[in-house]
Amino acid sequence: MSTFQAPKGTYDLLPPNSATYLAVREAISAPLKNSGYGYVETPGFENVELFARGVGESTDIVTKEMYAFETKGGDQLALRPEGTASVLRAALEANLHKAGNLPVKLWYSGSYYRYERPQKGRYRHFSQVGAEAIGAEDPALDAELIILADQAYRSLGLRNFRILLNSLGDKECRPVYRAALQEFLRGLDLDEETLRRAEINPLRVLDDKRADVQKQLTGAPSMPDYLCDACTAYHKEVRELLDAAGVVYEDDAKLVRGLDYYTRTTFEFVHDGLGSQSAVGGGGRYDGLSEMIGGPSLPSVGWALGVDRTVLALEAEGVDLELPATTSVFAVPLGEEARRVLFGKVTELRKAGIATDFSYGGKGLKGAMKNANRSGARFTLVAGERDLADGVVQLKDMESGEQGPVALDAVLETLKAKLG
Ligand code: ATP
Ligand code: MG
């Protein structure tokens with residue numbers, strides 16, 4: 001223990017569990033890489049205004065959860081709370097949308113920061129893998145993203161998740177619904193903060209987790225009843241494409257998201273084994289966001305999946321990812337001469353692509369074999385003075401326990417053959 005601990009609401013990824021995080025990121029990004037999405041990486045912080053305008057002044061993310069600060073030079077920055085605004089900013093800045101190849105399809109993976117009340121599944125530093133398809137209005141694109149997220153979760157072996165689907169309308173029908181909902185909310189017995197929220201962003205009230213609020217919301221105007229013809233047709237098409245792909249979803253007229261920029265298709269992936277932090281990922285269409293941050297009209301759609309909660313979901317379902325052992329061969333030298341010779345062998349094996357580790361620190365046989373066991377290596381190479389005099393090393397199969405001498409210059413070929 002040192003004097004220091006990880007800051008509140010954060011945790012470290014350490015071996016062996018950290019391998020699961022890498023595997024989850026890999027599994028989520030694989031379907032994207034296979035579907036025309038290119039990798040994008042943006043800074044961990046941005047001009048605070050990007051999020052204030054992009055995510056929305058009235059959202060919890062901006063009002064309560066943002067790590068905003070002034071730099072020594074006087075710049076107003078914020079650690080990124082989400083990925084979409086940054087990715088869109090980057091695409092616009094580089095004029096990717098003008099290269100004549102719309103939609104611009106991008107994926108990302110990284111750390112995000114929100115000053116939240118820490119609890120299981122809710123951290124101040126967490127990680128997401130996300131995807132954005134910028135500059136096209138096409139129901140097939142919305143469907144594509146939902147299908148790819150579904151595929152990602154299934155490839156990990158997750159089964160107990162559900163897809164909630166809704167349409168939030170567009171600039172024609174959404175304001176009409178908003179007004180109707182506001183009218184309804186004004187008549188309810190709500191606390192002051194919630195009433196204020198109803199004035200600024202009434203749709204957010206639908207997302208209130210408190211039971212007494214939810215009870216009062218029975219009979220609230222429902223978005224599907226207010227969708228204009230264009231939005232209804234668009235949503236029908238998205239649903240039909242999902243049906244055709246065999247992706248099961250649930251219509252959820254109350255589904256809204258924590259960000260203000262969503263329009264039309266909105267969806268969330270929830271996992272039933274996670275208690276109240278049940279959302280493992282979410283996304284939707286954000287046709288107005290580009291204009292909100294000073295760009296041209298670029299209808300877009302995207303999602304972000306939470307890596308931390310996906311790992312918790314795997315635990316909840318008892319899914320053990322089949323992670324290959326990181327080390328295939330472990331070398332144990334007995335004595336100074338053996339140390340030099342075996343270290344040379346280790347380098348040779350590594351160059352040939354065989355994952356190899358070495359017993360460091362001049363340990364005795366017993367301690368070194370313990371390390372070999374812990375490493376998960378399938379084979380160990382042990383050599384002492386006498387072996388070297390005979391020009392061999394002892395090769396041990398850690399699974400079968402079989403052991404025998406192999407000529408020094410045949411070690412690489414022998415291991416290659418045995419490891420397939
Ligand atoms: P919630 O309703 O749980 O607060 P959110 O709507 O704020 O989620 P998004 O902004 O849509 O979440 O982020 C997408 C995903 O990122 C979430 O579904 C979740 O898996 C993950 N996520 C968001 N905030 C956190 C956090 N504080 N800690 C861990 N994961 C998070
Ligand atoms: Mg949140």
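The values are calculated or read from the model by the stated rules, or taken from the named source; none is laboratory data. Computed from a predicted structure; not experimentally measured. Note that we place each Cβ from the backbone using ideal geometry, even for glycine, and neighbour counts take in every protein chain shown. What goes into the accessible areas is simple: the full protein's heavy atoms, side chains included, and nothing from ligands, DNA or RNA. Shrake-Rupley method; radii C 1.70, N 1.55, O 1.52, S 1.80 Å.
Consider GLU348 carefully, then state whether it is open to solvent by 30 Å² or more (accessible area, probe 1.4 Å) and under 41 Å from the mean Cα position of the chain (by Cα). For GLU348, the condition - open to solvent by 30 Å² or more (accessible area, probe 1.4 Å) and under 41 Å from the mean Cα position of the chain (by Cα) - is met. Of the strands (runs of 3 or more DSSP E) lying entirely inside region 268-333, those carrying at least 3 residues that are touching a residue at least 12 places away in the same chain (Cβ under 8 Å) and within 15 Å of ligand 2 (Cβ to nearest atom) are 279-285, 300-306. Screening ALA99 against (1) without any contact (Cβ under 8 Å) to a residue 60 or more places away in the chain; (2) open to solvent by less than 30 Å² (accessible area, probe 1.4 Å); (3) more than 16 Å from ligand 2 (Cβ to nearest atom) leaves a single unmet condition, (2).
Residue by residue, here is whether (1) touching a Gly at 6+ places or on another chain (Cβ under 7 Å); (2) small (Gly, Ala, Ser); (3) farther than 27 Å from SER18 by Cα; (4) modelled with pLDDT of 95 or more holds:
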{"site": "PHE269", "(1), (2), (3), (4)": "yes, no, no, yes"}
{"site": "ALA279", "(1), (2), (3), (4)": "no, yes, no, yes"}
{"site": "GLY282", "(1), (2), (3), (4)": "no, yes, no, yes"}
{"site": "ARG285", "(1), (2), (3), (4)": "no, no, yes, yes"}
{"site": "SER300", "(1), (2), (3), (4)": "yes, yes, yes, yes"}
{"site": "ALA304", "(1), (2), (3), (4)": "yes, yes, no, yes"}
{"site": "VAL311", "(1), (2), (3), (4)": "no, no, no, yes"}
{"site": "LEU314", "(1), (2), (3), (4)": "no, no, no, yes"}
{"site": "LEU323", "(1), (2), (3), (4)": "no, no, no, no"}
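Residue-wise test of (1) more than 16 Å from ligand 2 (Cβ to nearest atom); (2) of a type outside the set (Phe, Trp, Tyr).
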| site | (1), (2) |
| --- | --- |
| SER222 | yes, yes |
| ASP225 | yes, yes |
| CYS228 | yes, yes |
| CYS231 | yes, yes |
| VAL238 | yes, yes |
| LEU242 | yes, yes |
| TYR249 | yes, no |
| LEU255 | no, yes |
| THR265 | yes, yes |
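The residues of region 282-292 that are within 25 Å of the chain's Cα centre (by Cα) and open to solvent by 10 Å² or more (accessible area, probe 1.4 Å), listed by number, are ASP287, GLY288. The set of residues in region 334-354 that are within 11 Å of LEU415 (Cβ to Cβ) and touching a Ser or Thr at 6+ places or on another chain (Cβ under 8 Å) comprises LEU349, ILE354. Evaluate region 88-104: report whether one residue or more is within 25 Å of GLY294 (Cα to Cα) and in contact with a Lys or Arg (Cβ under 9 Å, 6 or more places away or on another chain). Checking region 88-104: not a single residue is within 25 Å of GLY294 (Cα to Cα) and in contact with a Lys or Arg (Cβ under 9 Å, 6 or more places away or on another chain).
Here GLU250 does not qualify as open to solvent by 20 Å² or more (accessible area, probe 1.4 Å), more than 20 Å from VAL55 (Cβ to Cβ), more than 27 Å from the chain's Cα centre (by Cα) and assigned by TED's automatic domain parsing to the domain that holds GLY283. Taken over region 88-121, the criterion of being under 14 Å from the mean Cα position of the chain (by Cα) and within 14 Å of ligand 1 (Cβ to nearest atom) is satisfied by TYR108, SER109, GLY110, SER111, TYR112, TYR113, GLY121.
Of the residues making up region 277-314, those that are of a type in the set (Gly, Ala, Ser) and farther than 20 Å from GLN128 by Cα are GLY288, SER290, GLY294, GLY295, SER297. Selection of region 111-123 for residues being in a loop (DSSP other than H, G, I, E, B), within 12 Å of ligand 2 (Cβ to nearest atom) and of a type in the set (Lys, Arg) yields ARG114, ARG117. Every listed requirement among (1) open to solvent by less than 20 Å² (accessible area, probe 1.4 Å); (2) within 20 Å of ASN201 (Cα to Cα); (3) outside any loop (DSSP other than H, G, I, E, B) is met by LEU242 save one, (2).
Of the residues making up region 133-173, those that are open to solvent by 50 Å² or more (accessible area, probe 1.4 Å) and at pLDDT below 95 are LYS171, GLU172.
Of everything in region 260-276 that is of a type outside the set (Ser, Thr, Tyr) and crowded, with 17+ Cβ neighbours inside 10 Å, the residue that is farthest from ligand 1 (Cβ to nearest atom) is ARG264.
Of the numbered criteria (1) part of a loop (DSSP other than H, G, I, E, B); (2) open to solvent by less than 20 Å² (accessible area, probe 1.4 Å); (3) within 16 Å of ligand 2 (Cβ to nearest atom), the one SER127 fails is (1).
Being surrounded by 17 or more Cβ atoms within 10 Å (Cβ to Cβ), within 16 Å of ligand 1 (Cβ to nearest atom), within 27 Å of ARG309 (Cβ to Cβ) and modelled with pLDDT under 95: is that true of ARG257 here? Yes; evaluated as a whole, the condition is true for this residue. Scan (1) within 16 Å of ligand 1 (Cβ to nearest atom); (2) without any contact (Cβ under 8 Å) to a residue 60 or more places away in the chain; (3) not in a loop (DSSP other than H, G, I, E, B) for the single condition ASP208 breaks and write down its number. Condition not satisfied by ASP208: (3).
Of everything listed in (1) β-branched (Val, Ile, Thr); (2) within 30 Å of ARG159 (Cβ to Cβ); (3) open to solvent by less than 60 Å² (accessible area, probe 1.4 Å), the single unmet condition for VAL341 is (2). Note on region 102-124: residues that are open to solvent by less than 20 Å² (accessible area, probe 1.4 Å) and farther than 15 Å from TYR11 by Cβ amount to 4.
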